[in-house]
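Participant: Let me give you the structure first, and then I'll get to my questions.
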Amino acid sequence: MNAPVALRKRLLKNCRRIVLKVGTRLLADRTAIERLVRQIRDLRESGHQVILVSSGAVGMGMHSIGLTARPRHLSKVQSLAALGQVRLMAMYDAECEKYGFRAAQLLLTADDLRSRERHLNVINCIEALLAQQILPIINENDPVSVSELKFGDNDTLAGCLGSMIRANLTIILTTVNGLLNVNPDGSFGERISVVHGISDQLRSLAKGTDDASFSIGGMASKLKAADLLNAAGETLWIASGNDPEIIDRIMNAEDVGTIFLPPENGLHKMDSRKRWLAEFSRAAGTIRVDTGAAYAITKKGSSLLPSGVCGLSNTFMRGDVVQIIEDATGQVIAKGITNFSSDDAAKIARHQSSEIFEILGCDAEEEIVHRNNMVLTEQ
């Protein structure tokens, strides 16, 4: 048995939950959806939970009114998504019913995952659907999304979902059989079977794979999804959806596509709260810390204590997410949930934890940000 196949067999051995993403160009007609649902049926019958991330709403809307090029105006794209989503889900539901199960639709914006409450609601909804043997089909809510609320593409959405619901494997089906080397003349070379952590050199190979007149995305967005998943300790597998039996071949551990694993030095799987902090949350403010505090946080896994705080920016409340910046370098070293408002944090900055009660006149935590509510950023 060769090494890539042996690795794939180990990966699949304990794989229970799979996020599967399929792009617009792979859903050109009803027969493609029929093949896809049949393979999902096979996955489910073999004991796997499947969450489907499906593009195709805009493309379906374009087909329904005879458009051949994707419009440039946002409102026109949104109207096509609204039109196509109904048709797309009707096809999915009809095919699922043939095999004795139902499909359910979730339409998300990036803001749904940034809000901790809505983030948990999405997870709970998906878990409830899976418990009832219903196939969750998820898409970006294109009819209402604007730039600040968009994931950018469904590759990124698949990466986010794979991380937040702790999928054992995320599969992205695309139009090429994995990440390809690029020859000196610019043509594509051999397929790369396994990637341990994404380097700048690999990013340079990410040439677009999709036709922008019909869809968005490309290999660069798939590497972004790999980054998201690898940072949480999870795995991405990309492969060609043009092969009508590709999912069966993947589950048979054939050496197809490219697998993206966390770096070989290893990353522990993050818990759910830290995944939300690292990948979805937005900081309400910043806390600047001295060199000693920065070292303790990044090298010793310490909490942020008041004595290490140099200054604060913006107004934030207790329970908000803040960025932690090393004052001397200006580098963001961590994100975390603060135990104090900006007003109270300013009062206790540069003081010892033992002085907090005397300064604030009430009991409070000793740490401004506890290490259990903190994630480090890339160094």
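Participant: So, R0 is 41 Å and r is the distance between the beta-carbons of Ala220 and Ser46; what FRET efficiency does that work out to, to 0.05?
Facilitator: Values: r = 33 Å, r/R0 = 0.80.
Computed FRET efficiency for Ala220 and Ser46 comes out at 0.80.
Participant: Computed FRET efficiency, Cβ-Cβ of Ala346 and Lys300, R0 25 Å: what is it to the nearest 0.05? Display every interim value, and only then the final one.
Facilitator: On the way: r = 25 Å, r/R0 = 1.01.
Computed FRET efficiency for Ala346 and Lys300: 0.50.
Participant: Lys/Arg Cβ at +1, Asp/Glu Cβ at -1, dipole of region 283-376 taken about the Cα centre: which of Gly308, Ile324, His370 is farthest positive-ward?
Facilitator: Checking the options against the dipole of region 283-376, the answer is Ile324.
Participant: Using Cβ contacts closer than 10 Å as the measure, can you line up Val22, Val122, Val5 from fewest to most?
Facilitator: Val5, Val122, Val22
Participant: Something else now. Taking other Cβ within 10 Å of each residue's Cβ, how do Thr175, Thr68 sort, fewest first? It would help to have the intermediate numbers written out before the result.
Facilitator: Values: Thr175 16, Thr68 8.
Ordered by Cβ neighbours within 10 Å, fewest first: Thr68, Thr175.
Participant: Of the candidates Leu228, Leu205, Leu169, which one comes out as most mobile in a Gaussian network treatment of the chain with C-alpha springs shorter than 10 Å?
Facilitator: Judging by the Gaussian network model, the answer is Leu205.
Participant: With each pseudo-label sitting 7 Å past Cα toward Cβ, what's the Glu366-Thr175 distance in nm, one decimal?
Facilitator: For Glu366 paired with Thr175, the spin-label model returns 5.9 nm.
Participant: Which peptide among 307-315, 183-191, 124-132 comes first, and what is the full order, when sorted by highest mean count of other Cβ atoms within 10 Å? Don't jump to the answer; show the numbers that get you there.
Facilitator: Numbers: 307-315: 17.0, 183-191: 10.0, 124-132: 13.6.
Sorting 307-315, 183-191, 124-132 by mean packing, highest first, produces 307-315, 124-132, 183-191.
Participant: Farthest toward the dipole's positive end in the chain, which of Val53, Val176, Leu107, given Cβ charges of +1 (Lys, Arg) and -1 (Asp, Glu) about the Cα centre?
Facilitator: Result: Val176, furthest along the dipole toward the positive end.
Participant: If one takes the longest principal axis of the Cα atoms in the chain, at what angle in degrees, from 0 to 90 and to the nearest 10, does the Cα axis of helix 291-300 lie?
Facilitator: Taking the Cα atoms of the chain, the angle to 291-300 is about 50 degrees.
Participant: Also, quick follow-up: Please work out whether the chain counts as rounded, prolate or oblate from its C-alpha gyration tensor, where a ≥ b ≥ c are the square roots of the eigenvalues and a/c under 1.5 means rounded, while otherwise a/b larger than b/c means prolate and anything else oblate? Working shown, then result.
Facilitator: Working: a/c = 2.02, a/b = 1.73, b/c = 1.17.
Cα axes put the chain in the prolate bin.
Participant: Can I ask one more? Rounding to the nearest 10 and keeping the result within 0 to 90°, find how far the Cα-based axis of helix 30-45 lies from the longest principal axis of the chain.
Facilitator: 60
Participant: OK, next. Please list 159-166, 249-256 highest first by mean number of surrounding beta-carbon atoms within 10 Å per residue. Walk me through the numbers on the way to the answer.
Facilitator: Working: 159-166: 24.9, 249-256: 17.9.
Ranked by mean Cβ neighbours within 10 Å, highest first: 159-166, 249-256.
Participant: Classify region 33-157: rounded, prolate or oblate, from the alpha-carbon gyration tensor (a ≥ b ≥ c, eigenvalue square roots; a/c under 1.5 rounded; otherwise prolate if a/b is larger than b/c)?
Facilitator: Values: a/c = 2.50, a/b = 1.23, b/c = 2.04.
Here region 33-157 falls in the oblate category.
Participant: What is the calculated FRET efficiency for Glu127 to Glu34, with r their C-beta to C-beta distance and R₀ = 22 Å, to the nearest 0.05?
Facilitator: On the way: r = 28 Å, r/R0 = 1.27.
Working from the Cβ atoms, E equals 0.20.
Participant: Can I ask one more? Report the net charge of residues surrounding Asp290, where surrounding means a beta-carbon distance below 10 angstrom and charges are Lys +1, Arg +1, Asp -1, Glu -1.
Facilitator: Values: positive: Arg288, Arg350; negative: Glu326, Asp327.
Local charge sum for Asp290: 0.
Participant: Compute the angle between helix 154-164 and the longest alpha-carbon principal axis of the chain, please, reported from 0 to 90 degrees and rounded to the nearest 10.
Facilitator: Rounded to the nearest ten degrees, it is 50.
Participant: Rounded to the nearest 20 Debye, what is the dipole magnitude of region 3-272 about its Cα centre when Lys and Arg each give +1 and Asp and Glu each give -1 at the C-beta?
Facilitator: Numbers: 31 positive and 30 negative charges, 54 e Å.
Approximately 260 debye in magnitude.
Participant: Under the classification rounded if a/c is under 1.5, otherwise prolate if a/b is larger than b/c and oblate if not, where does region 102-193 fall, given a ≥ b ≥ c as square roots of the Cα gyration tensor eigenvalues?
Facilitator: Working: a/c = 2.62, a/b = 1.77, b/c = 1.48.
Because a/c hits 1.5 or more and a/b exceeds b/c, region 102-193 counts as prolate.
Participant: Using a 10 Å cut-off around each Cβ, can you sort Val77, Val144 from fewest to most neighbouring Cβ atoms?
Facilitator: Details: Val77 20, Val144 12.
Ascending Cβ contact count within 10 Å gives the list Val144, Val77.
Participant: Testing the spin-label approximation: label points 7 Å from Cα along Cα→Cβ at Leu67 and His196. State their distance in nm.
Facilitator: Each label point is offset 7 Å from its Cα along the Cβ direction, giving 4.6 nm.
Participant: Take peptides 279-286, 332-339, 80-87, 44-51 and line them up by average Cβ neighbours within 10 Å, highest first, as a rough protection proxy.
Facilitator: Details: 279-286: 18.0, 332-339: 22.0, 80-87: 19.5, 44-51: 15.8.
Answer by packing, highest mean first, reads 332-339, 80-87, 279-286, 44-51.
Participant: Leu223: net charge of surrounding residues, Cβ under 10 Å, Lys/Arg +1, Asp/Glu -1, itself excluded? Please list the in-between numbers first.
Facilitator: Working: positive: Arg203, Lys222, Lys224; negative: Asp155, Asp227.
The answer is +1.
Here, each number is a calculation from the coordinates, and none is a lab measurement. Bear in mind the structure is a predicted one, so any value in this text is a computation, not a measurement. No Cβ is skipped: glycine too gets one built from the backbone with ideal geometry, and neighbour counts run over all protein chains shown.
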